[in-house]
1. In the set 403, 388, 397, which member is under 30 Å from residue 304 (Cβ atoms) and not basic (Lys, Arg)?
2. Of the residues that make up the stretch 83-98, is at least one in contact with an Asp or Glu (Cβ under 7 Å, 6 or more places away or on another chain) and among the hydrophobic types (A, V, I, L, M, F, W, C)?
3. Looking at the stretch 332-350, I want the residues that are more than 17 Å from residue 386 (Cβ to Cβ) and have a partner that is basic (Lys, Arg) and at pLDDT 95 or above with Cβ atoms under 8 Å, at least 6 apart or on another chain. Which pairs are those?
4. Those residues that are in contact (Cβ under 8 Å) with a residue 60 or more places away in the chain, within 13 Å of ligand 1 (Cβ to nearest atom) and charged (D, E, K, R), I need them from the stretch 400-456; list them, please.
5. Keeping to the stretch 159-211, report how many residues are over 18 Å from residue 128 (Cβ atoms) and of a type in the set (D, E, K, R).
6. crowded, with 17+ Cβ neighbours inside 10 Å, assigned to a loop (DSSP other than H, G, I, E, B) and either on the phi > 0 side of the Ramachandran plot or without any contact (Cβ under 8 Å) to a residue 60 or more places away in the chain (or both): is that true of residue 239 in this structure?
7. Show the residue pairs that are 6+ apart or on different chains and have beta-carbon atoms under 8 Å apart, the first residue being within the stretch 27-51 and closer than 13 Å to residue 110 by Cβ and more than 15 Å from ligand 2 (Cβ to nearest atom), the second being β-branched (Val, Ile, Thr) and at pLDDT 95 or above.
8. Hey, any hits in the stretch 176-188 for a residue that's at negative phi and more than 14 Å from the chain's Cα centre (by Cα)?
Amino acid sequence: MNSTVFSVKNRPADQRILDFDEISLGYTREEAVQEAKRCLQCPERPCIKGCPVNIDIPSFLNALSRGKIMEAYKIIKKYNNLPGICGRVCPQEDQCAKMCVLGIKEKPVNIGELEKYVADEAEKNLKVKKTRPDKNKKSVGVVGSGPAGLTIAGEMASKGYPVKIYEGLHKPGGVLRYGIPDFRLPEKVIDNEIERLKSTGVEFEMNCIVGKTVSMEELFELHDAVFLGTGAGVPRFLGIPGENLNGVYSANEYLARCNLMKSYNFPKYKTPIKIGKRIAVIGGGNVSMDAARMGIRLGAEKVFVVYRRSEKEMPAREKEIINAKEEGVDFVFLASPVEIIGDKDFNVKQIDYLKMKLGEVDESGRKKPIKISDERYSLHVDTVIIAIGTSPNTSHIKDYADIEIGKRGIIKVNKDTGQTKMNKVYAAGDVVTGNETVISAMGGAKRVARSIRKVF
Ligand code: FAD
Ligand code: SF4
Ligand code: SF4
(Lines give C-alpha, C1' and ligand atoms only; values in the text may rest on other atoms or scores of the structure.)
(Ligands and ions follow the chains in the order given, each with its own letter.)
Protein backbone atom coordinates (compact mmCIF):
# COMPACT_ATOMS: atom_id res chain seq x y z
CA MET A 1 0.00 0.00 0.00
CA ASN A 2 1.14 3.53 -0.76
CA SER A 3 2.73 4.99 2.37
CA THR A 4 1.31 8.42 1.63
CA VAL A 5 -2.29 7.28 2.14
CA PHE A 6 -3.82 9.39 4.91
CA SER A 7 -6.18 7.41 7.09
CA VAL A 8 -8.58 9.24 9.34
CA LYS A 9 -8.17 8.69 13.06
CA ASN A 10 -11.02 8.05 15.47
CA ARG A 11 -11.15 8.90 19.15
CA PRO A 12 -10.04 5.89 21.25
CA ALA A 13 -12.91 3.43 21.75
CA ASP A 14 -12.72 3.45 25.57
CA GLN A 15 -13.20 7.24 25.57
CA ARG A 16 -15.79 7.62 22.85
CA ILE A 17 -18.24 5.13 24.40
CA LEU A 18 -18.55 7.47 27.38
CA ASP A 19 -20.33 10.18 25.36
CA PHE A 20 -22.39 10.74 22.23
CA ASP A 21 -19.89 13.00 20.43
CA GLU A 22 -18.56 12.36 16.94
CA ILE A 23 -15.92 9.65 16.92
CA SER A 24 -13.97 10.75 13.84
CA LEU A 25 -11.19 13.25 14.42
CA GLY A 26 -11.16 14.14 10.71
CA TYR A 27 -8.22 15.38 8.71
CA THR A 28 -5.85 18.19 9.58
CA ARG A 29 -5.39 20.73 6.79
CA GLU A 30 -2.06 19.23 5.83
CA GLU A 31 -3.43 15.67 5.71
CA ALA A 32 -6.43 16.77 3.65
CA VAL A 33 -4.24 18.57 1.10
CA GLN A 34 -1.87 15.59 0.87
CA GLU A 35 -4.75 13.14 0.45
CA ALA A 36 -6.29 15.33 -2.28
CA LYS A 37 -2.93 15.36 -4.05
CA ARG A 38 -3.13 11.58 -4.45
CA CYS A 39 -5.87 12.10 -7.07
CA LEU A 40 -4.50 11.32 -10.54
CA GLN A 41 -6.94 13.69 -12.27
CA CYS A 42 -7.91 10.84 -14.59
CA PRO A 43 -9.17 12.09 -17.95
CA GLU A 44 -12.11 9.60 -17.90
CA ARG A 45 -13.14 10.74 -14.39
CA PRO A 46 -14.78 7.41 -13.42
CA CYS A 47 -15.37 8.49 -9.81
CA ILE A 48 -18.01 10.99 -10.96
CA LYS A 49 -20.15 8.18 -12.35
CA GLY A 50 -20.07 6.49 -8.95
CA CYS A 51 -21.62 9.49 -7.22
CA PRO A 52 -25.45 9.54 -7.43
CA VAL A 53 -25.39 13.36 -7.70
CA ASN A 54 -22.35 13.39 -10.00
CA ILE A 55 -20.14 15.75 -8.01
CA ASP A 56 -17.18 16.95 -10.08
CA ILE A 57 -14.81 15.09 -7.77
CA PRO A 58 -11.50 15.62 -9.63
CA SER A 59 -12.10 19.39 -9.80
CA PHE A 60 -12.90 19.73 -6.10
CA LEU A 61 -9.86 17.57 -5.24
CA ASN A 62 -7.72 19.72 -7.50
CA ALA A 63 -8.85 22.90 -5.73
CA LEU A 64 -8.27 21.29 -2.33
CA SER A 65 -4.81 20.05 -3.33
CA ARG A 66 -3.93 23.72 -3.95
CA GLY A 67 -5.32 24.65 -0.53
CA LYS A 68 -8.31 26.46 -2.09
CA ILE A 69 -11.03 25.36 0.28
CA MET A 70 -13.77 27.81 -0.69
CA GLU A 71 -13.18 27.01 -4.36
CA ALA A 72 -13.52 23.29 -3.56
CA TYR A 73 -16.66 23.99 -1.53
CA LYS A 74 -18.29 25.93 -4.36
CA ILE A 75 -17.63 23.06 -6.78
CA ILE A 76 -19.17 20.51 -4.42
CA LYS A 77 -22.18 22.74 -3.67
CA LYS A 78 -23.05 22.98 -7.36
CA TYR A 79 -24.02 19.31 -7.14
CA ASN A 80 -24.67 18.57 -3.49
CA ASN A 81 -26.59 20.72 -1.01
CA LEU A 82 -25.60 18.67 2.02
CA PRO A 83 -21.84 17.99 1.75
CA GLY A 84 -21.14 17.97 5.50
CA ILE A 85 -23.77 15.25 5.86
CA CYS A 86 -22.87 13.13 2.81
CA GLY A 87 -19.15 13.32 3.55
CA ARG A 88 -19.92 11.68 6.89
CA VAL A 89 -22.54 9.06 6.05
CA CYS A 90 -22.22 8.20 2.35
CA PRO A 91 -21.22 4.57 1.78
CA GLN A 92 -18.51 5.88 -0.54
CA GLU A 93 -16.81 2.48 -0.81
CA ASP A 94 -19.83 1.34 -2.87
CA GLN A 95 -20.09 4.59 -4.81
CA CYS A 96 -17.49 7.19 -5.80
CA ALA A 97 -14.53 5.53 -4.09
CA LYS A 98 -15.44 2.16 -5.61
CA MET A 99 -14.83 3.68 -9.04
CA CYS A 100 -11.56 5.39 -8.10
CA VAL A 101 -8.77 3.88 -10.20
CA LEU A 102 -6.30 4.15 -7.33
CA GLY A 103 -8.35 1.44 -5.63
CA ILE A 104 -7.03 -1.15 -8.10
CA LYS A 105 -3.59 -1.18 -6.54
CA GLU A 106 -3.87 0.73 -3.27
CA LYS A 107 -6.48 2.66 -1.33
CA PRO A 108 -8.85 4.86 -3.34
CA VAL A 109 -8.83 8.58 -2.57
CA ASN A 110 -10.81 9.12 0.65
CA ILE A 111 -13.34 11.28 -1.20
CA GLY A 112 -16.06 11.33 1.48
CA GLU A 113 -13.71 12.36 4.26
CA LEU A 114 -12.30 15.14 2.05
CA GLU A 115 -15.82 16.31 1.24
CA LYS A 116 -16.53 16.46 4.96
CA TYR A 117 -13.29 18.36 5.57
CA VAL A 118 -14.12 20.95 2.91
CA ALA A 119 -17.69 21.39 4.19
CA ASP A 120 -16.59 21.81 7.81
CA GLU A 121 -13.81 24.26 6.97
CA ALA A 122 -16.02 26.28 4.62
CA GLU A 123 -18.68 26.44 7.31
CA LYS A 124 -16.30 28.52 9.45
CA ASN A 125 -16.07 31.20 6.76
CA LEU A 126 -19.55 31.17 5.29
CA LYS A 127 -21.56 34.35 5.42
CA VAL A 128 -25.25 33.56 5.16
CA LYS A 129 -26.83 35.70 2.48
CA LYS A 130 -30.59 35.95 2.86
CA THR A 131 -32.64 35.60 -0.29
CA ARG A 132 -36.40 35.65 -0.73
CA PRO A 133 -38.50 33.58 -3.14
CA ASP A 134 -40.39 35.24 -5.94
CA LYS A 135 -44.02 35.16 -4.75
CA ASN A 136 -45.20 35.33 -8.37
CA LYS A 137 -43.60 31.99 -9.15
CA LYS A 138 -45.37 28.66 -8.71
CA SER A 139 -44.85 26.97 -5.36
CA VAL A 140 -44.01 23.48 -4.10
CA GLY A 141 -45.38 21.84 -0.98
CA VAL A 142 -42.89 19.29 0.35
CA VAL A 143 -44.05 16.52 2.66
CA GLY A 144 -41.19 15.31 4.85
CA SER A 145 -37.91 16.99 5.82
CA GLY A 146 -35.46 14.12 5.29
CA PRO A 147 -32.65 14.37 2.73
CA ALA A 148 -35.15 14.04 -0.15
CA GLY A 149 -37.36 16.88 1.12
CA LEU A 150 -34.41 19.12 2.04
CA THR A 151 -32.82 18.57 -1.36
CA ILE A 152 -35.85 19.43 -3.46
CA ALA A 153 -36.47 22.44 -1.22
CA GLY A 154 -32.91 23.69 -1.82
CA GLU A 155 -33.05 23.01 -5.54
CA MET A 156 -36.32 24.89 -6.01
CA ALA A 157 -35.58 27.76 -3.59
CA SER A 158 -32.22 28.44 -5.24
CA LYS A 159 -34.15 29.20 -8.44
CA GLY A 160 -36.54 31.53 -6.64
CA TYR A 161 -39.54 29.19 -6.24
CA PRO A 162 -41.50 29.44 -2.97
CA VAL A 163 -41.24 26.19 -0.98
CA LYS A 164 -42.90 25.06 2.22
CA ILE A 165 -41.90 21.86 4.02
CA TYR A 166 -44.49 20.04 6.14
CA GLU A 167 -42.91 17.74 8.74
CA GLY A 168 -44.68 15.48 11.21
CA LEU A 169 -41.91 15.57 13.83
CA HIS A 170 -40.88 18.59 15.92
CA LYS A 171 -37.40 18.88 14.35
CA PRO A 172 -36.42 18.73 10.66
CA GLY A 173 -34.00 16.24 9.11
CA GLY A 174 -35.86 12.91 8.91
CA VAL A 175 -33.57 9.95 9.56
CA LEU A 176 -30.56 12.29 9.65
CA ARG A 177 -32.02 13.68 12.86
CA TYR A 178 -33.86 10.81 14.50
CA GLY A 179 -32.02 7.77 13.15
CA ILE A 180 -28.31 8.40 12.60
CA PRO A 181 -26.68 9.01 16.00
CA ASP A 182 -24.67 12.11 16.90
CA PHE A 183 -21.50 10.03 17.19
CA ARG A 184 -21.64 9.60 13.39
CA LEU A 185 -23.46 12.76 12.38
CA PRO A 186 -23.53 15.61 14.92
CA GLU A 187 -26.81 17.53 15.17
CA LYS A 188 -24.94 20.79 14.62
CA VAL A 189 -24.09 19.72 11.05
CA ILE A 190 -27.79 19.15 10.30
CA ASP A 191 -28.76 22.44 12.00
CA ASN A 192 -26.29 24.38 9.85
CA GLU A 193 -27.67 22.94 6.63
CA ILE A 194 -31.26 23.68 7.72
CA GLU A 195 -30.37 27.26 8.64
CA ARG A 196 -28.90 27.75 5.19
CA LEU A 197 -32.13 26.50 3.61
CA LYS A 198 -34.17 28.84 5.78
CA SER A 199 -31.99 31.74 4.63
CA THR A 200 -33.17 31.06 1.07
CA GLY A 201 -36.75 31.54 2.21
CA VAL A 202 -37.78 27.88 2.60
CA GLU A 203 -40.59 27.72 5.16
CA PHE A 204 -40.92 24.87 7.66
CA GLU A 205 -44.11 23.77 9.35
CA MET A 206 -43.20 21.32 12.09
CA ASN A 207 -45.51 18.98 14.05
CA CYS A 208 -47.64 18.85 10.93
CA ILE A 209 -48.68 15.39 9.81
CA VAL A 210 -50.03 15.50 6.29
CA GLY A 211 -53.18 13.40 6.27
CA LYS A 212 -53.98 14.43 9.87
CA THR A 213 -52.96 18.03 10.67
CA VAL A 214 -53.47 19.14 7.07
CA SER A 215 -55.03 17.17 4.24
CA MET A 216 -53.56 16.49 0.82
CA GLU A 217 -56.51 18.51 -0.59
CA GLU A 218 -55.33 21.56 1.36
CA LEU A 219 -51.81 21.13 -0.05
CA PHE A 220 -53.23 20.93 -3.58
CA GLU A 221 -55.01 24.26 -2.98
CA LEU A 222 -51.92 25.94 -1.54
CA HIS A 223 -49.28 24.64 -3.97
CA ASP A 224 -48.79 24.04 -7.68
CA ALA A 225 -46.89 20.80 -7.07
CA VAL A 226 -46.70 18.47 -4.08
CA PHE A 227 -43.57 16.44 -3.40
CA LEU A 228 -43.78 13.33 -1.22
CA GLY A 229 -40.49 12.68 0.58
CA THR A 230 -42.03 10.76 3.45
CA GLY A 231 -39.36 8.07 3.70
CA ALA A 232 -39.83 4.53 4.95
CA GLY A 233 -40.34 4.86 8.67
CA VAL A 234 -42.62 1.94 9.54
CA PRO A 235 -40.59 -0.81 11.20
CA ARG A 236 -40.82 -4.42 10.14
CA PHE A 237 -40.90 -7.12 12.80
CA LEU A 238 -39.81 -10.74 12.74
CA GLY A 239 -43.28 -12.21 13.25
CA ILE A 240 -42.09 -14.49 16.06
CA PRO A 241 -43.76 -15.04 19.46
CA GLY A 242 -42.79 -12.54 22.18
CA GLU A 243 -42.37 -9.39 20.07
CA ASN A 244 -45.00 -7.64 22.22
CA LEU A 245 -43.05 -8.11 25.49
CA ASN A 246 -41.72 -5.18 27.54
CA GLY A 247 -38.19 -4.47 26.43
CA VAL A 248 -38.70 -5.13 22.71
CA TYR A 249 -38.08 -2.09 20.53
CA SER A 250 -37.89 -1.42 16.84
CA ALA A 251 -34.49 0.14 16.08
CA ASN A 252 -36.24 3.27 14.78
CA GLU A 253 -38.09 3.78 18.06
CA TYR A 254 -34.99 3.04 20.14
CA LEU A 255 -32.81 5.42 18.15
CA ALA A 256 -35.49 8.13 17.92
CA ARG A 257 -35.95 8.07 21.69
CA CYS A 258 -32.21 8.72 22.07
CA ASN A 259 -31.39 10.98 19.12
CA LEU A 260 -34.57 13.03 18.84
CA MET A 261 -36.05 12.90 22.32
CA LYS A 262 -32.71 12.76 24.25
CA SER A 263 -34.17 10.10 26.52
CA TYR A 264 -30.70 9.31 27.87
CA ASN A 265 -31.10 12.60 29.69
CA PHE A 266 -34.42 11.65 31.34
CA PRO A 267 -36.03 13.31 33.38
CA LYS A 268 -34.51 16.56 32.02
CA TYR A 269 -36.10 15.45 28.74
CA LYS A 270 -39.54 13.92 29.07
CA THR A 271 -39.16 10.68 27.08
CA PRO A 272 -37.85 7.71 29.08
CA ILE A 273 -35.96 4.69 27.75
CA LYS A 274 -35.36 1.34 29.37
CA ILE A 275 -31.61 1.09 29.71
CA GLY A 276 -31.00 -2.60 29.15
CA LYS A 277 -28.10 -4.41 30.82
CA ARG A 278 -27.96 -7.11 28.16
CA ILE A 279 -29.21 -6.25 24.68
CA ALA A 280 -29.75 -8.32 21.53
CA VAL A 281 -29.95 -6.33 18.30
CA ILE A 282 -31.42 -8.32 15.45
CA GLY A 283 -30.14 -7.55 11.93
CA GLY A 284 -26.85 -6.92 10.16
CA GLY A 285 -27.22 -3.48 8.56
CA ASN A 286 -26.12 0.06 9.45
CA VAL A 287 -29.23 0.57 11.54
CA SER A 288 -28.32 -2.44 13.64
CA MET A 289 -24.76 -1.12 14.17
CA ASP A 290 -26.17 2.27 15.24
CA ALA A 291 -28.59 0.69 17.72
CA ALA A 292 -25.91 -1.61 19.16
CA ARG A 293 -23.40 1.23 19.60
CA MET A 294 -26.11 3.39 21.15
CA GLY A 295 -26.82 0.57 23.62
CA ILE A 296 -23.14 0.53 24.60
CA ARG A 297 -23.19 4.29 25.19
CA LEU A 298 -26.33 4.01 27.29
CA GLY A 299 -24.37 1.74 29.60
CA ALA A 300 -25.34 -1.82 28.64
CA GLU A 301 -22.98 -4.48 30.01
CA LYS A 302 -23.32 -6.68 26.93
CA VAL A 303 -24.65 -5.96 23.45
CA PHE A 304 -25.03 -8.79 20.93
CA VAL A 305 -25.76 -8.30 17.25
CA VAL A 306 -27.64 -11.38 16.09
CA TYR A 307 -27.45 -11.99 12.34
CA ARG A 308 -28.73 -14.96 10.37
CA ARG A 309 -25.95 -14.98 7.78
CA SER A 310 -22.16 -14.73 8.28
CA GLU A 311 -20.08 -11.58 8.73
CA LYS A 312 -19.21 -11.54 5.03
CA GLU A 313 -22.86 -11.06 4.05
CA MET A 314 -23.54 -8.23 6.49
CA PRO A 315 -24.98 -5.21 4.65
CA ALA A 316 -23.51 -2.75 7.20
CA ARG A 317 -20.50 -0.67 6.16
CA GLU A 318 -17.24 -2.38 7.02
CA LYS A 319 -16.01 0.68 8.90
CA GLU A 320 -19.13 0.66 11.11
CA ILE A 321 -18.68 -3.06 11.88
CA ILE A 322 -15.08 -2.35 12.90
CA ASN A 323 -16.19 0.60 15.03
CA ALA A 324 -18.86 -1.54 16.71
CA LYS A 325 -16.36 -4.29 17.50
CA GLU A 326 -13.87 -1.78 18.90
CA GLU A 327 -16.59 -0.41 21.14
CA GLY A 328 -17.31 -3.84 22.60
CA VAL A 329 -20.28 -5.11 20.57
CA ASP A 330 -20.40 -8.92 20.29
CA PHE A 331 -21.65 -10.71 17.20
CA VAL A 332 -23.66 -13.93 16.99
CA PHE A 333 -23.59 -14.99 13.35
CA LEU A 334 -25.66 -17.65 11.58
CA ALA A 335 -28.39 -17.32 14.18
CA SER A 336 -32.08 -16.92 13.34
CA PRO A 337 -34.36 -15.84 16.23
CA VAL A 338 -37.47 -18.00 16.76
CA GLU A 339 -38.95 -16.71 20.03
CA ILE A 340 -38.51 -13.96 22.61
CA ILE A 341 -39.32 -15.26 26.07
CA GLY A 342 -40.57 -13.13 28.98
CA ASP A 343 -40.73 -13.45 32.77
CA LYS A 344 -43.95 -13.45 34.81
CA ASP A 345 -44.21 -9.65 34.46
CA PHE A 346 -43.91 -9.85 30.65
CA ASN A 347 -40.38 -8.41 30.62
CA VAL A 348 -37.92 -9.89 28.14
CA LYS A 349 -35.62 -12.47 29.73
CA GLN A 350 -34.18 -14.35 26.77
CA ILE A 351 -34.20 -14.77 23.02
CA ASP A 352 -34.10 -18.22 21.42
CA TYR A 353 -32.56 -18.87 18.04
CA LEU A 354 -31.71 -21.68 15.66
CA LYS A 355 -28.23 -22.13 14.21
CA MET A 356 -28.01 -21.66 10.46
CA LYS A 357 -25.66 -22.60 7.63
CA LEU A 358 -25.34 -20.90 4.26
CA GLY A 359 -26.85 -22.38 1.11
CA GLU A 360 -27.03 -21.18 -2.49
CA VAL A 361 -27.13 -17.50 -3.44
CA ASP A 362 -30.76 -16.26 -3.25
CA GLU A 363 -32.62 -13.40 -4.98
CA SER A 364 -30.94 -10.87 -2.64
CA GLY A 365 -27.57 -11.85 -4.14
CA ARG A 366 -26.39 -13.29 -0.83
CA LYS A 367 -26.14 -16.89 0.34
CA LYS A 368 -29.43 -18.11 1.77
CA PRO A 369 -29.42 -19.05 5.47
CA ILE A 370 -30.76 -22.58 6.09
CA LYS A 371 -31.45 -23.99 9.55
CA ILE A 372 -29.12 -26.76 10.66
CA SER A 373 -31.62 -28.40 13.04
CA ASP A 374 -34.54 -27.55 15.33
CA GLU A 375 -32.28 -27.38 18.35
CA ARG A 376 -32.76 -24.06 20.16
CA TYR A 377 -30.03 -21.89 21.61
CA SER A 378 -30.64 -18.98 24.02
CA LEU A 379 -29.20 -15.58 24.75
CA HIS A 380 -30.13 -14.17 28.14
CA VAL A 381 -31.03 -10.55 27.52
CA ASP A 382 -33.47 -7.99 28.93
CA THR A 383 -33.81 -5.88 25.77
CA VAL A 384 -34.33 -6.86 22.14
CA ILE A 385 -34.00 -4.31 19.34
CA ILE A 386 -35.33 -5.31 15.93
CA ALA A 387 -33.41 -3.78 13.01
CA ILE A 388 -34.53 -5.77 9.98
CA GLY A 389 -35.81 -2.95 7.79
CA THR A 390 -38.68 -0.52 7.43
CA SER A 391 -41.45 0.27 4.94
CA PRO A 392 -43.18 3.50 3.88
CA ASN A 393 -46.32 4.75 5.58
CA THR A 394 -48.68 5.83 2.82
CA SER A 395 -51.90 6.23 4.85
CA HIS A 396 -52.15 9.94 3.90
CA ILE A 397 -52.51 9.06 0.21
CA LYS A 398 -54.73 6.00 0.50
CA ASP A 399 -57.74 7.93 -0.91
CA TYR A 400 -55.89 8.86 -4.10
CA ALA A 401 -56.21 5.93 -6.45
CA ASP A 402 -54.00 7.70 -9.01
CA ILE A 403 -51.02 7.53 -6.69
CA GLU A 404 -50.02 3.92 -7.26
CA ILE A 405 -48.61 1.95 -4.37
CA GLY A 406 -46.32 -1.00 -5.13
CA LYS A 407 -44.71 -3.83 -3.19
CA ARG A 408 -44.02 -3.12 0.51
CA GLY A 409 -45.86 0.21 0.30
CA ILE A 410 -43.50 2.07 -2.03
CA ILE A 411 -44.94 4.82 -4.26
CA LYS A 412 -44.67 4.08 -7.97
CA VAL A 413 -43.30 6.95 -10.07
CA ASN A 414 -41.98 7.61 -13.54
CA LYS A 415 -38.29 6.92 -12.98
CA ASP A 416 -37.09 9.87 -15.09
CA THR A 417 -39.41 12.54 -13.71
CA GLY A 418 -40.42 11.22 -10.29
CA GLN A 419 -44.03 11.99 -11.17
CA THR A 420 -46.85 9.78 -9.88
CA LYS A 421 -49.84 9.12 -12.10
CA MET A 422 -51.50 12.05 -10.34
CA ASN A 423 -50.72 15.22 -12.21
CA LYS A 424 -49.29 17.51 -9.50
CA VAL A 425 -47.78 14.86 -7.27
CA TYR A 426 -44.13 13.77 -7.28
CA ALA A 427 -42.10 11.55 -4.98
CA ALA A 428 -38.50 10.48 -4.31
CA GLY A 429 -36.30 9.01 -1.60
CA ASP A 430 -36.99 5.93 0.49
CA VAL A 431 -40.74 6.20 -0.12
CA VAL A 432 -39.99 5.32 -3.76
CA THR A 433 -36.92 3.10 -3.47
CA GLY A 434 -37.48 1.44 -0.08
CA ASN A 435 -34.56 1.56 2.41
CA GLU A 436 -31.69 3.16 0.52
CA THR A 437 -29.13 5.85 1.25
CA VAL A 438 -29.01 9.57 1.95
CA ILE A 439 -27.31 10.33 -1.34
CA SER A 440 -29.72 8.21 -3.39
CA ALA A 441 -32.67 10.07 -1.79
CA MET A 442 -30.94 13.33 -2.71
CA GLY A 443 -30.22 12.16 -6.26
CA GLY A 444 -33.90 11.22 -6.72
CA ALA A 445 -35.07 14.57 -5.37
CA LYS A 446 -32.73 16.45 -7.71
CA ARG A 447 -34.24 14.63 -10.70
CA VAL A 448 -37.73 15.60 -9.53
CA ALA A 449 -36.68 19.25 -9.09
CA ARG A 450 -35.46 19.29 -12.69
CA SER A 451 -38.70 17.82 -13.99
CA ILE A 452 -40.91 20.17 -11.92
CA ARG A 453 -38.93 23.18 -13.17
CA LYS A 454 -39.60 22.06 -16.75
CA VAL A 455 -43.37 22.20 -16.25
CA PHE A 456 -43.49 25.32 -14.03
P1 FAD B 1 -36.48 10.17 5.68
O2 FAD B 1 -35.11 10.54 6.06
O3 FAD B 1 -37.09 8.97 6.31
O4 FAD B 1 -37.43 11.42 5.96
C5 FAD B 1 -38.82 11.35 5.82
C6 FAD B 1 -39.46 12.42 6.68
O7 FAD B 1 -40.85 12.50 6.34
C8 FAD B 1 -39.41 12.13 8.17
O9 FAD B 1 -38.90 13.25 8.86
C10 FAD B 1 -40.86 11.87 8.55
O11 FAD B 1 -41.18 12.29 9.88
C12 FAD B 1 -41.60 12.71 7.52
N13 FAD B 1 -42.97 12.26 7.26
C14 FAD B 1 -43.39 11.00 6.97
N15 FAD B 1 -44.73 10.99 6.77
C16 FAD B 1 -45.15 12.28 6.93
C17 FAD B 1 -46.44 12.90 6.87
N18 FAD B 1 -47.55 12.22 6.56
N19 FAD B 1 -46.52 14.24 7.12
C20 FAD B 1 -45.40 14.96 7.42
N21 FAD B 1 -44.17 14.42 7.50
C22 FAD B 1 -44.04 13.09 7.26
N23 FAD B 1 -27.97 6.17 4.71
C24 FAD B 1 -26.71 6.48 4.37
O25 FAD B 1 -26.48 6.93 3.23
N26 FAD B 1 -25.67 6.34 5.24
C27 FAD B 1 -25.86 5.93 6.51
O28 FAD B 1 -24.91 5.83 7.27
C29 FAD B 1 -27.18 5.62 6.93
N30 FAD B 1 -27.44 5.24 8.21
C31 FAD B 1 -28.72 5.04 8.59
C32 FAD B 1 -28.98 4.79 9.95
C33 FAD B 1 -30.28 4.63 10.38
C34 FAD B 1 -30.52 4.37 11.84
C35 FAD B 1 -31.35 4.67 9.45
C36 FAD B 1 -32.78 4.46 9.92
C37 FAD B 1 -31.11 4.92 8.11
C38 FAD B 1 -29.80 5.13 7.67
N39 FAD B 1 -29.52 5.44 6.35
C40 FAD B 1 -28.24 5.75 5.98
C41 FAD B 1 -30.58 5.53 5.34
C42 FAD B 1 -30.97 6.99 5.06
O43 FAD B 1 -31.03 7.72 6.26
C44 FAD B 1 -32.28 7.06 4.31
O45 FAD B 1 -32.12 6.36 3.10
C46 FAD B 1 -32.68 8.52 4.01
O47 FAD B 1 -32.82 9.26 5.20
C48 FAD B 1 -33.98 8.58 3.21
O49 FAD B 1 -34.33 9.92 3.07
P50 FAD B 1 -35.84 10.39 2.83
O51 FAD B 1 -35.80 11.87 2.73
O52 FAD B 1 -36.41 9.61 1.71
O53 FAD B 1 -36.64 9.92 4.13
FE1 SF4 C 1 -18.97 10.19 -2.89
FE2 SF4 C 1 -21.23 10.52 -1.55
FE3 SF4 C 1 -19.61 12.57 -1.89
FE4 SF4 C 1 -20.95 11.58 -3.99
S5 SF4 C 1 -21.82 12.60 -2.18
S6 SF4 C 1 -18.80 12.18 -3.93
S7 SF4 C 1 -20.97 9.39 -3.47
S8 SF4 C 1 -19.14 10.72 -0.71
FE1 SF4 D 1 -8.99 11.07 -8.83
FE2 SF4 D 1 -9.70 8.54 -8.30
FE3 SF4 D 1 -11.34 10.18 -9.64
FE4 SF4 D 1 -9.09 9.29 -10.79
S5 SF4 D 1 -10.85 8.06 -10.20
S6 SF4 D 1 -9.93 11.37 -10.85
S7 SF4 D 1 -7.73 9.21 -9.01
S8 SF4 D 1 -10.67 10.42 -7.50
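The values are calculated or read from the model by the stated rules, or taken from the named source; none is laboratory data. Here the structure is a predicted model, which is why all the values come from computation and not from measurement. No Cβ is skipped: glycine too gets one built from the backbone with ideal geometry, and neighbour counts run over all protein chains shown.
1. On the way: 403 fails: under 30 Å from residue 304 (Cβ atoms); 397 fails: under 30 Å from residue 304 (Cβ atoms).
The unique qualifying residue is 388.
2. The answer is yes, given that some residue of the stretch 83-98 is in contact with an Asp or Glu (Cβ under 7 Å, 6 or more places away or on another chain) and among the hydrophobic types (A, V, I, L, M, F, W, C).
3. 333/309; 334/308; 334/309; 334/355; 334/357; 343/349
4. 430, 446
5. To start, the set of residues in the stretch 159-211 that are over 18 Å from residue 128 (Cβ atoms) comprises 159, 161-162, 164-171, 173-187, 205-211.
From what's left, of a type in the set (D, E, K, R): 159, 164, 167, 171, 177, 182, 184, 187, 205.
So the count comes out to 9.
6. Values: crowded, with 17+ Cβ neighbours inside 10 Å: no; assigned to a loop (DSSP other than H, G, I, E, B): yes; either on the phi > 0 side of the Ramachandran plot or without any contact (Cβ under 8 Å) to a residue 60 or more places away in the chain (or both): yes.
For residue 239, the condition - crowded, with 17+ Cβ neighbours inside 10 Å, assigned to a loop (DSSP other than H, G, I, E, B) and either on the phi > 0 side of the Ramachandran plot or without any contact (Cβ under 8 Å) to a residue 60 or more places away in the chain (or both) - is not met.
7. Hits for this filter: 38/109.
8. Looking only at the stretch 176-188, we keep the residues that are at negative phi, and these are 176-188.
Next, only the ones that are more than 14 Å from the chain's Cα centre (by Cα) stay: 188.
Within the stretch 176-188, one or more residues are at negative phi and more than 14 Å from the chain's Cα centre (by Cα).
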